[in-house]
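Visitor: Handing you a structure now.
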Amino acid sequence: MIQNIDKILDEARQFSAGTREEIEQFRIKYLGKKGILSDLFSIFKEVPADQKKEMGKKINELKQFVAERIETLLSNLSDENDSSDSADLTLPGPPMQPGARHPISVVRNQIIEIFTSLGYNISEGPEIEDDWHVFSALNFPPEHPARDMQDTFFIEKDPDILLRTHTSSVQVRVMEKEQPPIRTISPGRVFRNEAISARAHCIFHQVEGLYIDENVSFADLKQTLLYFAREMFGKEVEIRLRPSYFPFTEPSAEMDISCQICGGRGCNVCKYTGWLEILGCGMVDPNVLEYNNIDSKKYTGFAFGMGIERVAMLKYQVKDLRLYFENDVRFLEQFRAAY
Ligand code: DAH
């Protein structure tokens, strides 16, 4: 029996393999469930006690040799595969996952495209602003609640330096530099001291619009906003203007669009009113023109401001604002088809 094991060991020593399959065959032959070693162990149980020691040693030697041999052969194999000589240049590359635009960027770009096609240019202003550009030049009275710490993030007090609460501040920046005709839109980030929830966030995005020229009327405003709504939401959309109040416009209005989900018949999205609020607007208050050295006898204008998240919510029916800020790839990927 002992000689037999020596013979098996010699045979195993002869083995040298080229491929992974050959090594696997070798392993099964010796170490497999029905392999040589398993047979040897069954025989081992039967051998007389005085031979057990020597035979056990031989079997273990064989087992250890085979195991080490397999390991060496396998590691040679993977070394070879790693060498550049054996790289398969015909293999296709790893798939590239193209990125998708964030829904807020998609909607912002659409708004920009609609208004630039009407001849509006794009203007920008700083996010860190002073009281004048955010409030005073826009005709906010000194006691207005927006000037309160509860609504606005102040960076410094006296003189007040703050994070802009709306992009209407860019109106002021444009009027300071330019005389009419002015036709501009100002997309940007705004900040409000709000607790974060599904319906409110302390950072969001707005687009402000401003048109100042001779003889600009409320009818022009209405027609511009109707054009915008139809481009954005489709030809069937209806708009309505409700009287409202903003310090910087007179008269002021809020615009609703007909609910796209129920077509105006009433559903839980529009709270059974058939209408959804989308923006604020109005005729620029003559005080605002005068504060900014524009002759209010000669010129009139309109302005409007909308929240980009709000438009995106209406367009995509995503009602939890926080999703727009978390940048969860599973959310963002769903907008791959948008441009
Ligand atoms: N600034 C307003 C806000 O943040 C939105 C707005 C309303 C802008 C009326 C305007 C406007 O230009 O005319 O709520």
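The values are calculated or read from the model by the stated rules, or taken from the named source; none is laboratory data. Note that this is a predicted model, so its numbers are computed, not measured. Please note: Cβ atoms are built from the backbone with ideal geometry, for glycine as well, and neighbour counts cover all protein chains shown. Accessible surface is based on the protein model in full, side chains and every heavy atom, while ligands, DNA and RNA are left aside. Shrake-Rupley method; radii C 1.70, N 1.55, O 1.52, S 1.80 Å.
Visitor: Can you name every residue in the stretch 152-185 that is open to solvent by less than 90 Å² (accessible area, probe 1.4 Å) and acidic (Asp, Glu)?
Guide: Asp160, Glu178, listed by residue number.
Visitor: If Met149 meets every condition in (1) part of a loop (DSSP other than H, G, I, E, B); (2) away from the ligand (no atom under 16 Å from the Cβ); (3) open to solvent by less than 60 Å² (accessible area, probe 1.4 Å) apart from one, which number is that one?
Guide: (3)
Visitor: Quick one: which of Thr165, Thr184 is within 13 Å of the ligand (Cβ to nearest atom), among the polar types (S, T, N, Q), part of a strand (DSSP E or B) and modelled with pLDDT of 95 or more?
Guide: Values: Thr165 fails: part of a strand (DSSP E or B).
The conditions single out Thr184.
Visitor: Is there any pair with a first residue in the stretch 155-173 that is within 28 Å of Arg183 (Cα to Cα) and of a type in the set (S, T, N, Q) and a second that is modelled with pLDDT under 95 and away from the ligand (no atom under 11 Å from the Cβ) whose Cβ atoms are under 6 Å apart and which are 6 or more apart or on different chains, and what are they?
Guide: Thr165/Thr152
Visitor: Could you please find all residues in the stretch 316-339 being open to solvent by 70 Å² or more (accessible area, probe 1.4 Å) and under 30 Å from Leu221 (Cα atoms)? Full working, then the answer.
Guide: Step one: list which residues in the stretch 316-339 are open to solvent by 70 Å² or more (accessible area, probe 1.4 Å), which gives 319, 322, 326-327, 329-330, 333-334, 336-337, 339.
Residues satisfying the conditions are Lys319, Tyr339.
Visitor: Of these, Glu214, Glu208, Glu194, Glu178, which one is more than 29 Å from Asp295 (Cα to Cα) and acidic (Asp, Glu)? Steps first, please.
Guide: On the way: Glu214 fails: more than 29 Å from Asp295 (Cα to Cα); Glu208 fails: more than 29 Å from Asp295 (Cα to Cα); Glu178 fails: more than 29 Å from Asp295 (Cα to Cα).
Being more than 29 Å from Asp295 (Cα to Cα) and acidic (Asp, Glu) holds for just one of Glu214, Glu208, Glu194, Glu178, which is Glu194.
Visitor: If you take just the strands (runs of 3 or more DSSP E) that sit entirely in the stretch 201-266, which of them hold at least 3 residues that are open to solvent by less than 10 Å² (accessible area, probe 1.4 Å)? Before you say what the answer is, go through the steps one by one.
Guide: Values: elements: 203-213, 239-246, 249-258.
Hits in the stretch 201-266: 203-213, 249-258.
Visitor: Follow-up question, since we're still on this one. Which members of the stretch 282-308 meet the condition of being of a type in the set (Phe, Trp, Tyr) and either within 12 Å of the ligand (Cβ to nearest atom) or within 30 Å of Ala337 (Cβ to Cβ) (or both)?
Guide: In the first step, residues of the stretch 282-308 are kept if they are of a type in the set (Phe, Trp, Tyr); the result is 291, 299, 302, 304.
Passing the criteria: Phe302, Phe304.
Visitor: Ok, one more. For the stretch 1-41, which positions are part of a helix (DSSP H, G or I), surrounded by fewer than 12 Cβ atoms within 10 Å (Cβ to Cβ) and of a type in the set (Lys, Arg)?
Guide: Lys7, Arg13
Visitor: Which ones in the stretch 277-325 are farther than 25 Å from Arg189 by Cβ, in contact (Cβ under 8 Å) with a residue 40 or more places away in the chain and of a type in the set (S, T, N, Q)?
Guide: Residues satisfying the conditions are Asn287, Asn293, Thr300.
Visitor: Being in contact with a helix residue (DSSP H, G or I) (Cβ under 7 Å, 6 or more places away or on another chain), under 17 Å from Val311 (Cβ atoms) and near the ligand (Cβ under 10 Å from one of its atoms) is the filter here, so list the residues in the stretch 223-261 that pass it.
Guide: Met255
Visitor: Given (1) of a type in the set (A, V, I, L, M, F, W, C); (2) surrounded by fewer than 19 Cβ atoms within 10 Å (Cβ to Cβ); (3) under 24 Å from Ile212 (Cβ atoms), identify the lone condition not met by Ala137.
Guide: Of (1) of a type in the set (A, V, I, L, M, F, W, C); (2) surrounded by fewer than 19 Cβ atoms within 10 Å (Cβ to Cβ); (3) under 24 Å from Ile212 (Cβ atoms), only one is false for Ala137: (2).
Visitor: So in the stretch 318-339, with the set limited to residues that are part of a helix (DSSP H, G or I) and more than 16 Å from Val106 (Cα to Cα), which one is modelled with the lowest pLDDT?
Guide: Arg330
Visitor: Does Val311 fit the bill of being surrounded by 21 or more Cβ atoms within 10 Å (Cβ to Cβ) and either of a type outside the set (Gly, Ala, Ser) or within 16 Å of the ligand (Cβ to nearest atom) (or both)?
Guide: Numbers: surrounded by 21 or more Cβ atoms within 10 Å (Cβ to Cβ): yes; either of a type outside the set (Gly, Ala, Ser) or within 16 Å of the ligand (Cβ to nearest atom) (or both): yes.
Taking the combined requirement at face value, the residue satisfies it.
Visitor: Report, by residue number, each residue of the stretch 280-308 that is assigned to a helix (DSSP H, G or I) and open to solvent by 20 Å² or more (accessible area, probe 1.4 Å). Steps first, answer last, please.
Guide: Step one: list which residues in the stretch 280-308 are assigned to a helix (DSSP H, G or I), which gives 286-291, 308.
Once the filter is applied, which keeps residues that are assigned to a helix (DSSP H, G or I) and open to solvent by 20 Å² or more (accessible area, probe 1.4 Å), the stretch 280-308 yields Pro286, Asn287, Glu290, Tyr291.
Visitor: In contact with a Cys (Cβ under 7 Å, 6 or more places away or on another chain) and either closer than 22 Å to Asn109 by Cβ or in contact (Cβ under 8 Å) with a residue 12 or more places away in the chain (or both) - does that describe any residue in the stretch 198-210?
Guide: The initial filter retains those residues of the stretch 198-210 that are in contact with a Cys (Cβ under 7 Å, 6 or more places away or on another chain), namely none.
Checking the stretch 198-210: not a single residue is in contact with a Cys (Cβ under 7 Å, 6 or more places away or on another chain) and either closer than 22 Å to Asn109 by Cβ or in contact (Cβ under 8 Å) with a residue 12 or more places away in the chain (or both).
Visitor: Testing Glu54 on (1) under 25 Å from the mean Cα position of the chain (by Cα); (2) touching a residue at least 12 places away in the same chain (Cβ under 8 Å); (3) open to solvent by 90 Å² or more (accessible area, probe 1.4 Å), one condition comes back false. Which one is that?
Guide: In the conditions (1) under 25 Å from the mean Cα position of the chain (by Cα); (2) touching a residue at least 12 places away in the same chain (Cβ under 8 Å); (3) open to solvent by 90 Å² or more (accessible area, probe 1.4 Å), Glu54 misses (1) alone.
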